[in-house]
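The values are calculated or read from the model by the stated rules, or taken from the named source; none is laboratory data. These figures come from a predicted structure and were not determined experimentally. Using ideal geometry, Cβ is built from the backbone for each residue, glycine included, and neighbour counts are taken over all protein chains shown.
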Amino acid sequence: MDDPPAQPDTPSPPVPPPPDSEPPAPALPPPHADPESDAPIAVVPGPDAPTVEYRPSRVEAWLAANLRPLLVICIALMAAVVNDTLFVLSGAIHRPAAKTAPEAAVPPLADLELNGPLGYALAAIMLGGALACLGAALVWCLLPEARRWLKPKLRWLTVRPLPALRVMDLIAVFVAWLGAMRILSLDLLAGLDLKGGVGIAASLAVNAVAMSVALAVGVFLARRRARGPHGSNGIWPFWTLSAAAPRHSVWHDVALGLLCYPLLLWLINLAWWLNHYILQKMGREQDMHLLIKELLKPQSTAVLAAFFVTAVVSAPFFEELLFRGILYNVLRRYLGAYAGACAAALLFASVHFVWSQTLGLFVLALILTWLYDHTGRLIAGMTLHAVNNLFSLLIALQLQQQSGG
């Protein structure tokens with residue numbers, strides 16, 4: 001059988017690509033070989049080339065995380081330096097101080113006796129509080145049923161989030177406070193010849209404004225770190241949060257703050273007398289708060305009103321916000337609840353610069369911190385703080401009237 005005739009070699013028709021497939025990418029042009037040309041050279045890594053991921057160093061990561069508080073610190077310091085420079089160049093800082101008459105000597109507070117209705121009322125409050133605490137201790141020790149009933153109530157603390165603040169935020173808040181205090185003192189008080197109670201009242205008003213600036217800085221930094229308003233929930237006293245809101249009303253906190261004063265007044269006074277005894281053994285004279293020292297002298301009605309507003313309204317509000325709402329929360333984040341409370345209480349007692357009241361202020365700060373953790377808000381602590389300051393001013397006025405000032 002003959003073989004079939006050979007077919008001519010014809011090229012097969014091209015196969016069209018599938019309709020869903022993408023057209024092939026055009027080939028890249030070869031790199032430009034002219035060294036004097038400014039045209040960019042396209043460098044395409046191969047499929048097997050390793051990918052290098054950039055990881056910032058610890059310093060870069062720390063700077064990125066604390067950029068805002070660092071900017072606040074720099075702005076506060078630069079503003080204070082510029083203000084001081086302008087003040088020096090203006091020549092106002094070299095203004096000769098006016099000669100003042102020597103101040104009348106103020107007797108030590110421990111040497112004065114408190115008589116009259118206020119003295120008897122305070123004595124009854126301290127005695128009643130001490131007896132109530134002693135009775136509660138006896139019930140705790142002798143009645144197991146009462147102990148089982150009280151244990152869960154004493155351990156219960158309101159669940160609340162910590163503000164989104166860190167150490168650098170805390171430093172920025174206090175630098176802003178001191179910087180604002182420095183600037184306002186030079187610009188508002190240095191050119192005025194304020195003496196005695198009027199000067200102290202003006203300084204306290206300036207300090208309240210500086211604390212407002214520091215509080216605004218703390219709230220701003222907390223919200224920026226959390227990227228939302230919930231970052232400052234633990235600072236503002238009237239905060240509410242669905243997942244951790246206090247289970248009681250504001251008036252419950254006010255009543256608790258009022259109740260704590262008679263129960264703990266004897267403890268605060270015991271710490272005060274122990275502090276006085278230690279100073280006597282060390283051979284140091286007893287000092288007193290500048291506001292109490294001025295109240296032992298005759299003052300005008302306007303100065304007395306300024307003192308009472310500052311001590312009863314302004315100081316409890318701002319000090320609780322700064323020392324419990326910001327300082328304690330930051331220290332608690334790093335040191336824990338107990339160590340943070342003690343550290344914050346020690347700083348609170350130290351910044352008053354009254355060594356004869358350091359132990360009493362330390363005990364008071366611990367009580368205020370417990371109220372804050374127990375209620376979840378600062379209102380109970382503000383109430384106790386205000387009542388304590390109010391009775392201190394009333395005692396000073398009573399002693400001033402008895403001394404015939």
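Going by the conditions given, is Val82 within 19 Å of Ala190 (Cβ to Cβ) and modelled with pLDDT of 80 or more? Steps first, please.
Values: within 19 Å of Ala190 (Cβ to Cβ): yes; modelled with pLDDT of 80 or more: yes.
Answer is yes for this residue.
From Gly128, Gly179, Gly196, grab the single residue that is surrounded by 13 or more Cβ atoms within 10 Å (Cβ to Cβ), within 30 Å of Gln398 (Cβ to Cβ), modelled with pLDDT of 75 or more and out of contact with any Phe, Trp or Tyr (no Cβ under 7 Å at 6 or more places or on another chain). Reasoning before the result, please.
Numbers: Gly179 fails: within 30 Å of Gln398 (Cβ to Cβ); Gly196 fails: modelled with pLDDT of 75 or more.
Criteria check complete, one pass: Gly128.
Looking at the stretch 343-379 only, could you name the residues that are outside any helix (DSSP H, G or I) and among the aliphatic types (A, V, I, L, M)? Write out each step before concluding.
Looking only at the stretch 343-379, we keep the residues that are outside any helix (DSSP H, G or I), and these are 351-354, 376-378.
Once the filter is applied, which keeps residues that are outside any helix (DSSP H, G or I) and among the aliphatic types (A, V, I, L, M), the stretch 343-379 yields Val351, Val354, Leu378.
On the given criteria, is Ala386 within 16 Å of the chain's Cα centre (by Cα) and not polar (S, T, N, Q)? Steps first, answer last, please.
On the way: within 16 Å of the chain's Cα centre (by Cα): no; not polar (S, T, N, Q): yes.
Spelling it out, it is not the case that Ala386 is within 16 Å of the chain's Cα centre (by Cα) and not polar (S, T, N, Q).
Looking at (1) part of a helix (DSSP H, G or I); (2) modelled with pLDDT under 70; (3) exposed (fewer than 13 other Cβ atoms within 10 Å of the Cβ), which is the only condition Ala110 fails?
(3)
Only one of (1) surrounded by fewer than 23 Cβ atoms within 10 Å (Cβ to Cβ); (2) closer than 25 Å to Val213 by Cβ; (3) at pLDDT 90 or above is not met by Tyr328, so which one is it?
It is condition (1) that Tyr328 fails.
What are the residues in the stretch 301-333 that are among the aromatic types (Phe, Trp, Tyr) and over 21 Å from Phe220 (Cβ atoms), if any? Don't jump to the end; show me each part of the working.
Going residue by residue through the stretch 301-333, those that are among the aromatic types (Phe, Trp, Tyr) are 307-308, 317-318, 323, 328.
Listed by number, the residues that qualify are Phe307, Phe308.
Look at the stretch 235-280 and say how many of its residues are within 21 Å of the chain's Cα centre (by Cα) and at pLDDT below 80. Step through it out loud before you land on a result.
Quick first cut of the stretch 235-280, residues within 21 Å of the chain's Cα centre (by Cα) only: 235-241, 244-246, 253, 257.
Checking which are at pLDDT below 80 leaves us with 236-241, 244-246.
The total comes to 9.
Here is a list of conditions, (1) in a helix (DSSP H, G or I); (2) at pLDDT 80 or above, and Leu162 meets all of them except one; can you say which number that is?
For Leu162, the failing item is (1).
Which one of these is aliphatic (A, V, I, L, M) and either surrounded by 17 or more Cβ atoms within 10 Å (Cβ to Cβ) or under 25 Å from Leu263 (Cβ atoms) (or both): Val351, Val363, Val309? Before the answer, list the steps.
Values: Val351 fails: either surrounded by 17 or more Cβ atoms within 10 Å (Cβ to Cβ) or under 25 Å from Leu263 (Cβ atoms) (or both); Val309 fails: either surrounded by 17 or more Cβ atoms within 10 Å (Cβ to Cβ) or under 25 Å from Leu263 (Cβ atoms) (or both).
Just a single option satisfies the conditions, and that option is Val363.
Please list, ordered by first then second residue, the pairs with beta carbon atoms under 7 Å, 6 or more apart or interchain, first in the stretch 262-282 and more than 20 Å from Ile395 (Cα to Cα), second surrounded by 16 or more Cβ atoms within 10 Å (Cβ to Cβ).
These pairs meet every condition: Leu279/Gln286; Leu279/Trp355; Leu279/Ser356.
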